[in-house]
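Below: the structure, in C-alpha cells.
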Protein chains: 2
Amino acid sequence: MPAIGIDLGGTKVQGVLVDAGEVIGDAKVPTPAGGVDEVVAAIGDCVDRLGGTDKVAGVGIGAPGVVDAATGTVVMAPNLPGFAEPVPLAALLADRLDGMRVAVDNDVNVSALAEHRLGAGRGSSNLLGVWVGTGVGGGLVLDGRLRRGPGGAAGEIGHVGVTSGGRRCGCGQDGHLEAYAGRAMMEQEARRRAAAGTPTLLVELAGGKRMKSSIFAKALEAGDGVAVELLDEAVAALGMALASATALVDLELIVVGGGLAEKLGAGFVGRIEQAVRSRLLVPSSPLRVVPASLGDLTGALGAALLVEEPAAA
Amino acid sequence: MPAIGIDLGGTKVQGVLVDAGEVIGDAKVPTPAGGVDEVVAAIGDCVDRLGGTDKVAGVGIGAPGVVDAATGTVVMAPNLPGFAEPVPLAALLADRLDGMRVAVDNDVNVSALAEHRLGAGRGSSNLLGVWVGTGVGGGLVLDGRLRRGPGGAAGEIGHVGVTSGGRRCGCGQDGHLEAYAGRAMMEQEARRRAAAGTPTLLVELAGGKRMKSSIFAKALEAGDGVAVELLDEAVAALGMALASATALVDLELIVVGGGLAEKLGAGFVGRIEQAVRSRLLVPSSPLRVVPASLGDLTGALGAALLVEEPAAA
C-alpha cells in the first residue's frame, strides 16, 4: 500500500507519494511563516494534492530540529516559525487527516533511512549518513534499524569533537566537526581570514550575501588559497570524526550527501574516504565512503519509509 | 540454570559459577605460556574446579583482543601466547567439554554487559562502559543489547579522536583518547617530560619498573606537577571523547572502571562527569557518569552472561 512522505523544510513542504520504494507522485507548497496551525494546514494541503489519504497506509514527516519520534513531537525546530516550543505534530496532523497514522522523525534521520533502504546504502546494515551543508548532520543505521537513542538525539556527527580547544562551533563548544566542515562556519572563517588581511575569492564572489556552496566550488576551481585551506581542513576534520564514529560503533558504510558535498562532487567524497581510511584502527576494515544517491527527494522518500518503521527503539 | 563464566587474562584464568546473577563459586588458574592447547586445557581445568558442566547451561569466555563473537573466534590477542593468529576458541573448548555450549566475546564487552545487567548500569538501556587502565577500552550497550558491530570492533572509545595532530597513541594514530588517558601512554609521557628536564615523583617512585596506577595516585596526592598535569589532560580528553560518543549514539549512562580509575577513586569519576557535562550538546541531558561497581570478578561475571546473550546482532 502506498505511503505519503513529507519533507518539512524552512522554505518548502515537499511531499511524495511512494509505492514499493518508487515515487509515484510529488507536490510542494511554500512553508508558511505564521506558526504551527498554518504549517499543519500546509502539510494537509500537500497531502490533498497527492490525492489524500484514502488509499495510503500512513503519512511520514521529516522535520528539522530535535524530534521525539516515539510521540511524534517536534521538541524544538529553530528554523520553523512557531516551533521553538514542543509541538505534537503527529497528533495535530492526524486530527487534520481524519485519524490517519502519522509518524514524525528528524529530517536527517529519515534521509539516512532513505539512503539505507533505497539509495547508496542498500545492502549495508551498519551505516552513517552524513549531510554536509549549512551545518553537518548525521543519521545512524545500526543492524538495519535507525538509531534514535533514548533522547532522540543520536547521529549528531557534526558535534563529534575533532580538536580539543579548536575552532568554535555554532553550538558554542570548541573543536566540533561542524566548526570545520559546515558551510556556515566555513563562511565565518573565510570572512575572518579576509578581514585579517588574507584576500580570498570566497568573499569577493559572495560579497555581502550568503557564501553558497557553488561559490566554494568556484573558488576551489580557481585555486583560491583560503578556499583550498578551508577544504583541506574540512576533509581532515571529516576524516577524524568519521574514524571516531567507526571506532565507536563499527560501520560498514558512510554515505555523504548535503548541499556542499553535492556541489563539490565525487572528488570530495573520495578525499573524505582517503582521510577516514588513513585513520582506521583496523586498516583492513571493509569500510567504504560513498556519495548519497537519491538527490532532492531524499528527505520526503525517507519520511514515507517511516510509515513502516517502528517508532520506538 | 547456572552458567560458568571465564575471564581469560594475560596472567590468570578467572572462573565463576553464576546462578541468577549471583556468584556461587569461583576458581582461578595461571594462564599458561605454551600456546593455544595449553590455554584450552587450563580453561577446561578451571571449569572442572567449578564442578564441571553437568548442571550448567553453558560456558562463556571473555577474551582479550579482537573477538568474532558470532563464530567464537579470537581473531587476534597479542597478550596471549599463541593467539597472534585466529583461534576458534569456542569450538576447541566445546570439544574439550563434550559439546557444551560455549560463547566467546571481548573481555571489555562482557564487562560492560555485566555492569549493565548486574552492576552500576542496572536500569539503563543505553550505556558505555569505559575501562581506564593500561589502555582505554570500551563496551557499548544500545537499547539493552551489546553492540558488537559487523566486524566485532564496536566500542573502541580509546581510539576515538580528541585532538587532531595530538599525542601519538599506541595504535600509531595521533590524538586518540588512549594517548591521553591510558596508563601506559601516560607513563611514556611522564618519562618524556622527566627526560626533557621536568623532574617528577612519577619517575622517582617507579624507577625502571612499570608506573603502576598506585604510583599515579601517590604522586597526585603529593601534588606532583607532572602528575597533576597528566591527570588534567586525561580528564579533559575523557570529557571530549565521551561527549563525542554521547553526540553520536545518545547515551543515558557512562560507567567508568579499570585499574587506574579504581585507584584514583570516585573523585576521578566525578571530574570526568563534570568534563563530559560541560561539553554536552543538550545540556539538559539526563546523562550520568558513575563508577563501575562489580570489582575484580566483572569480566568473569559478564562472560557467564554471554550464555544467555544472542551472539549475532
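The values are calculated or read from the model by the stated rules, or taken from the named source; none is laboratory data. Note that the structure is a prediction, hence the values are computed from the model and not measured. Note that we place each Cβ from the backbone using ideal geometry, even for glycine, and neighbour counts take in every protein chain shown. Ligands, DNA and RNA are stripped out before the accessible areas are found, and what is left, the full protein with its side chains, is counted by its heavy atoms. Shrake-Rupley method; radii C 1.70, N 1.55, O 1.52, S 1.80 Å.
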**Request:** For region B:158-194, enumerate the residues that are at the interface with chain A (Cβ under 9 Å from one of its Cβ atoms), under 17 Å from the mean Cα position of the chain (by Cα), crowded, with 24+ Cβ neighbours inside 10 Å and part of a loop (DSSP other than H, G, I, E, B).
**Result:** B:Val160
**Message:** Being under 24 Å from A:Arg145 (Cβ atoms) and surrounded by fewer than 18 Cβ atoms within 10 Å (Cβ to Cβ): is that true of B:Arg101 here?
**Reply:** no
**Request:** Please go through region B:39-52 and pick out each residue that is open to solvent by 30 Å² or more (accessible area, probe 1.4 Å) and touching a residue at least 12 places away in the same chain (Cβ under 8 Å).
**Result:** B:Ala41, B:Asp45, B:Arg49, B:Gly51
**Message:** Residues that are outside the structural domain of B:Gly138 (by TED's automatic domain parsing) and modelled with pLDDT of 95 or more: list the strands (runs of 3 or more DSSP E) wholly contained in region B:58-112 that include at least 3 such residues.
**Reply:** B:59-63, B:102-106
**Asked** So, in region B:1-22, of the ones that are at pLDDT below 95 and not in a loop (DSSP other than H, G, I, E, B), which residue ends up least open to solvent (accessible area, probe 1.4 Å)?
**Response** B:Lys12
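Would you list the helices (runs of 4 or more DSSP H) that sit entirely within region B:200-313 and hold 2 or more residues that are open to solvent by less than 50 Å² (accessible area, probe 1.4 Å) and within 14 Å of chain A (Cβ to nearest Cβ)? Give the derivation first.
Working: elements: B:201-206, B:213-221, B:225-249, B:259-264, B:266-277, B:298-305.
Counting at least 2 such residues, we get B:225-249, B:266-277.
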**Message:** It is to be established whether one or more residues within region A:116-137 are over 20 Å from B:Arg148 (Cα atoms), among the small types (Gly, Ala, Ser), open to solvent by 10 Å² or more (accessible area, probe 1.4 Å) and facing another protein chain (nearest Cβ under 7 Å).
**Reply:** no
**Asked** Quick check: is even one residue across region A:266-276 charged (D, E, K, R), modelled with pLDDT of 95 or more and more than 30 Å from A:Gly60 (Cβ to Cβ)?
**Response** yes
